[in-house]
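A.B. asks: Could you have a look at this structure, given as structure tokens, before my questions?
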Amino acid sequence: MIYGYARVSTDGQSVQAQLATLTEAGAIKVFREVASGAKSNRAQLARALVALQPGDVFLVTRLDRLARSTLDLLYILKTISDKGAGFRSLADVWADTTTPHGRLMLTVLGGLAEFERDLIKARTGEGRRRAKAQGKSLGRPFKLTEHQKAEALARREKGEESLVEIGRSYNVSAATISRITQGNVR
């Protein structure tokens with residue numbers, strides 16, 4: 001069975017052109033959605049992927065209707081492949097896992113994405129090492145200054161106020177104040 005997926009980003013747009021193109025290309029059922037491509041929790045896309053059976057084909061008019069990033073696209077394509085289904089993009093003829101050439105192109109694309117991820121990881125690690133060598137603090141900033149921590153701890157030890165009240169006075173949660181006594185608050 002051929003399933004189609006049509007998506008537009010805003011309510012002012014219409015899926016009718018995509019619907020007609022997908023139906024003309026043989027889609028029996030078309031899942032329609034109004035959602036940003038950047039959203040990872042698109043309900044109709046999830047329903048379409050669940051519906052896929054071995055031998056089915058998942059069809060879109062263009063790749064940008066399916067995913068906004070290479071990684072997102074590869075994740076969706078892996079899900080389709082794991083179901084034993086094929087994938088075709090009508091406007092992007094190279095993106096067709098129902099043919100050997102299309103599978104090759106998407107394998108190359110996947111390899112390039114993995115290579116890019118490794119480069120990003122290496123650059124990030126390099127930047128972190130440089131920052132540490134320069135004495136920069138990594139991670140989230142501390143919620144309380146050392147003076148505030150000492151003051152809150154003293155107030156808590158005196159038992160004059162509850163954790164909630166002390167936390168409110170510093171605009172932090174009671175849990176943050178509680179962690180001060182354990183020595184691991186940020």
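The values are calculated or read from the model by the stated rules, or taken from the named source; none is laboratory data. What you see is a predicted model, and the numbers here were worked out from it, not measured in a lab. Note that we place each Cβ from the backbone using ideal geometry, even for glycine, and neighbour counts take in every protein chain shown. Please note that ligands, DNA and RNA were not included when accessible areas were found on the heavy atoms of the full protein model with its side chains. Shrake-Rupley method; radii C 1.70, N 1.55, O 1.52, S 1.80 Å.
A.B. asks: Can you tell me how many residues in the range 41-99 are of a type in the set (Gly, Ala, Ser) and more than 27 Å from PHE115 (Cβ to Cβ)?
C.D. replies: As a first pass, look at the range 41-99 and keep what is of a type in the set (Gly, Ala, Ser): 43, 46, 48, 51, 55, 67, 69, 81, 84-86, 89, 91, 95.
Restricting the remaining residues to those that are more than 27 Å from PHE115 (Cβ to Cβ) gives 43, 46, 48, 51, 55, 84.
Residues that pass the stated criteria total 6.
A.B. asks: OK, next. If you go through the range 105-117 one residue at a time, do you hit one that is closer than 23 Å to GLN53 by Cα and open to solvent by 100 Å² or more (accessible area, probe 1.4 Å)?
C.D. replies: No, the range 105-117 has no match at all.
A.B. asks: Another question, if that's okay. What about LEU138, is it loosely packed, with under 12 Cβ neighbours inside 10 Å, part of a loop (DSSP other than H, G, I, E, B) and modelled with pLDDT under 90? Outline the logic, then answer.
C.D. replies: Numbers: loosely packed, with under 12 Cβ neighbours inside 10 Å: yes; part of a loop (DSSP other than H, G, I, E, B): yes; modelled with pLDDT under 90: yes.
Judged against the criteria, LEU138 is a match.
A.B. asks: Further question: Looking at the range 160-181, which of the residues that are among the β-branched types (Val, Ile, Thr) and either closer than 11 Å to LYS149 by Cβ or touching a residue at least 12 places away in the same chain (Cβ under 8 Å) (or both) is most open to solvent (accessible area, probe 1.4 Å)?
C.D. replies: Filtering the range 160-181 down to residues among the β-branched types (Val, Ile, Thr) leaves 164, 166, 172, 176-177, 180-181.
If we keep only those that are either closer than 11 Å to LYS149 by Cβ or touching a residue at least 12 places away in the same chain (Cβ under 8 Å) (or both) as well, we get 166, 172, 176-177, 180-181.
Numbers: ILE166: 0, VAL172: 28, THR176: 0, ILE177: 3, ILE180: 19, THR181: 87 Å².
Taking the candidates together, the pick is THR181.
A.B. asks: While we're looking at this one, here's another question. Could you check the range 82-94 and list, in sequence order, the residues that are acidic (Asp, Glu) and either touching a helix residue (DSSP H, G or I) at 6+ places or on another chain (Cβ under 7 Å) or farther than 21 Å from GLN53 by Cα (or both)? So that I can check it myself, show each step before the final result.
C.D. replies: So the first thing to find is which residues in the range 82-94 are acidic (Asp, Glu), and the list is 82, 92.
Correct list: ASP92 only.
A.B. asks: Tell me, please, whether a residue that is free of Cβ contacts under 8 Å to residues at least 24 places away in the same chain and in contact with a helix residue (DSSP H, G or I) (Cβ under 7 Å, 6 or more places away or on another chain) can be found in the range 95-118.
C.D. replies: The answer is yes; a qualifying residue exists.
A.B. asks: Hey, can you tell me all the residues within the range 141-165 that are under 30 Å from THR124 (Cβ atoms), outside any helix (DSSP H, G or I) and not aromatic (Phe, Trp, Tyr)?
C.D. replies: PRO141, LYS143, LEU144, THR145
A.B. asks: May I pose another question? Can you list the strands (runs of 3 or more DSSP E) found entirely within the range 1-117 that contain at least 2 residues being hydrophobic (A, V, I, L, M, F, W, C)? Before the answer, list the steps.
C.D. replies: Details: elements: 2-8, 29-34, 57-60, 86-89.
Fully inside the range 1-117 and qualifying: 2-8, 29-34, 57-60.
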